Every structure is written in structure tokens, then in C-alpha cells.
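One structure is given here, and the rest of the page talks about it.
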Amino acid sequence: MTQGIVLFAHGSRDAQWAQPFEQLALSLSRRFSGPVELAFLDLMPPTLEQAIDALARRGARSIRVVPVFLGKGGHVGEDLPRLAAQAAGKHPTIRVELEPPIGEQPTVIEAIARAIAAGR
């Protein structure tokens, strides 16, 4: 079964804002055997629905949606489940799983703390 990953970020009017997320998606693509897509909640494409559609076209039979947020707020707790349910409804044979925000993982918290402590 092919598994895909959607990295779900907020979005911005400034296109350069997306660069770290694009770099993250590229780096993940090199480490993960399945397809990877980036999606945004607001202000820039692609949407979560478009990313899930793209993974479905690429043969994904299960999709992990990873919120690239530091914590769970209204967007992750309310908007994301609603958007994921809408997108998943178009693909009833594909399992769509929502993961906790990446910033809540202890290894990520420690990596950020190490980077801050080390300075530039």
C-alpha cells in the first residue's frame, strides 16, 4: 500500500514565506519512499483538498496529514479536521489520518532548543 504525506502549513501573502516549508517537503521526499505534497490553509495554493487529490493521482492509498505548526490551536483543532473530512469524502477508498502538530513532538522541541542555544 502506497502511503503519502501532506505537510499542512498556514500560508501567507508573501510567497517567500513558503520557502522553509518547500525545503522541508524536498528533504522529506528524499527520506520517505512515498509521495509528499505541501498544502496551505490560507492565502496560497495548493489547498489540502488539492494536495490530497494529487496524492490520490500518484497512487497513495493512505495519507498522513502532518500539521507543520508549533502547537494545536483553532486551525489544527477545528479547521484541519473539517477540511480533511471534505477532501477525504472525495476519496472514500483512501485512508486519511491527521497527526498532531509537529511542534508538539519531543524530538522537535529538543531540536529547536538545541538550535536556539547554539545561536547562529
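Per-structure values
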| read-out | value |
| --- | --- |
| Inter-residue pairs, beta-carbon under 7 Å, first closer than 15 Å to V66 by Cα and in segment 19-35, second in a helix (DSSP H, G or I) and open to solvent by less than 80 Å² (accessible area, probe 1.4 Å), 6+ apart | P35/L55 |
| Count of residues meeting criterion [touching a residue at least 12 places away in the same chain (Cβ under 8 Å) and open to solvent by 30 Å² or more (accessible area, probe 1.4 Å)] in segment 45-58 | 3 |
| Residue tally, condition in contact with a helix residue (DSSP H, G or I) (Cβ under 9 Å, 6 or more places away or on another chain) and either closer than 13 Å to E37 by Cβ or among the hydrophobic types (A, V, I, L, M, F, W, C) (or both), over segment 50-101 | 19 |
| Filter result for R120 (loosely packed, with under 15 Cβ neighbours inside 10 Å, free of Cβ contacts under 8 Å to residues at least 24 places away in the same chain and assigned to a helix (DSSP H, G or I)) | no |
| Exclusive hit being within 13 Å of the chain's Cα centre (by Cα) and closer than 26 Å to A15 by Cβ, set L55, L98 | L55 |
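The values are calculated or read from the model by the stated rules, or taken from the named source; none is laboratory data. If you're wondering where the values come from, they're calculated on a predicted model, not measured in any experiment. Glycine gets a Cβ as well: all are built from the backbone with ideal geometry, and neighbour counts include every protein chain shown. When the accessible area is computed, the model is the full protein with side chains, heavy atoms only, and any ligands, DNA or RNA have been set aside. Shrake-Rupley method; radii C 1.70, N 1.55, O 1.52, S 1.80 Å.
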